[in-house]
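The values are calculated or read from the model by the stated rules, or taken from the named source; none is laboratory data. Bear in mind that the values here come from a model prediction, so they are computed numbers and not experimental data. Here the Cβ positions follow ideal geometry from the backbone for every residue, glycine too, while neighbour counts run over all protein chains shown. Surface accessibility is based on the protein's heavy atoms, side chains included, excluding ligands, DNA and RNA. Shrake-Rupley method; radii C 1.70, N 1.55, O 1.52, S 1.80 Å.
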Amino acid sequence: MNNEINYIKRCLELSEKAKENGFSPVGALIVVADRIIAEAFEGEELPAVLAHAESIVIVKALTLLKTKKLSEATIYTNKEPCFMCSYLIRHTEIKKVVYLDTAGDVGGTNPDFPLLTTNNIANWKTNITVRKIKLE
C-alpha cells in the first residue's frame, strides 16, 4: 500500500506538468513487478484530443516492452480513466487500475457505461481490479 501512495504522489507531480502546459492536471504510471515502466502527463506527444495521460503511458509501455498486451501491469493515475482510456486499458489487458479522484459522468466506472468493470464484452478478460485510493 505504501508504494501505491508513492505512485499516486508521482502521478500528482506529473499532473503539475500538464497543468503548467495548459492541460487537465492528470498524470499516469505503468508499473510492472513494482517497477515504473513508463510515466506520462496529459497533453504530451499525442494530438490534444487523444493526449490523455493514461493513453500516452499505455503507448509508451507497449513500445518499451515491445508487446501488445500489458497483462502484468498496473496503471496508476490521479484521475479515474475516461471511456477512451478505459477501452485501451481493457484492450491491453492491464490487470489493475488505481486512481485517486473520480471523473464523474465520463469515468470508466460510471454505472451507466462501466467500461472498466463490465463483464459483458466477450473479448475482454474479466480479471481486472479497479480501486479508488485515498491519500493519508
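Which option, (1) 1.15; (2) 1.04; (3) 0.95, is the value of Cα Rg over 2.2 N^0.38 Å that was calculated from these coordinates? Among (1) 1.15; (2) 1.04; (3) 0.95, the one calculated here is (3).
Using a cutoff of 8 angstrom between alpha carbon atoms and counting only pairs six or more residues apart, the relative contact order for the chain works out to 19 percent. If you plug the beta carbon distance of Glu44 and Asn127 into 1/(1 + (r/R0)^6) with R0 = 22 Å, you get a FRET efficiency near 0.15.
In the stretch 1-119, what percent of the accessible surface is made up of carbon and sulfur (1.4 Å probe, ligands and nucleic acids excluded)? Carbon and sulfur atoms account for 55 percent of the accessible area of the stretch 1-119. For the residue pairs Lys66/Lys95; Lys17/Lys79; Lys66/Lys132; Lys96/Lys132, the C-alpha atoms sit more than 22 angstrom apart in Lys66/Lys132. Whole-Hz Karplus values for the stretch 3-19 come out as 4, 4, 4, 5, 5, 5, 4, 5, 4, 5, 4, 5, 4, 5, 5, 4, 4 Hz, taken residue by residue from phi with 6.51 cos²θ - 1.76 cosθ + 1.60 and θ = phi - 60°; glycine and proline positions read x.
The 3J(HN,Hα) values that the Karplus relation (6.51, -1.76, 1.60; θ = phi - 60°) gives for the stretch 82-91 are, in residue order, 6, 4, 4, 5, 4, 4, 4, 4, 5, 5 Hz. Gly and Pro appear as x. Each of Glu44, Glu136 has its accessible area taken with a 1.4 Å probe; listed largest first, they run Glu136, Glu44. Could you tell me whether the stretch 44-92 comes out rounded, prolate or oblate from its Cα gyration tensor? Rule is a ≥ b ≥ c as square roots of the eigenvalues, rounded for a/c under 1.5, then prolate if a/b exceeds b/c, otherwise oblate. Oblate, because a/c is 1.5 or more while a/b does not exceed b/c.
When all protein chains stay in place and ligands, DNA and RNA are ignored, the 1.4 Å accessible-area order of Thr117, Thr92, largest first, is Thr117, Thr92.
Using the 1.4 Å probe convention, the accessible area of the stretch 17-114 works out to 48 Å² per residue with neighbouring protein chains retained.
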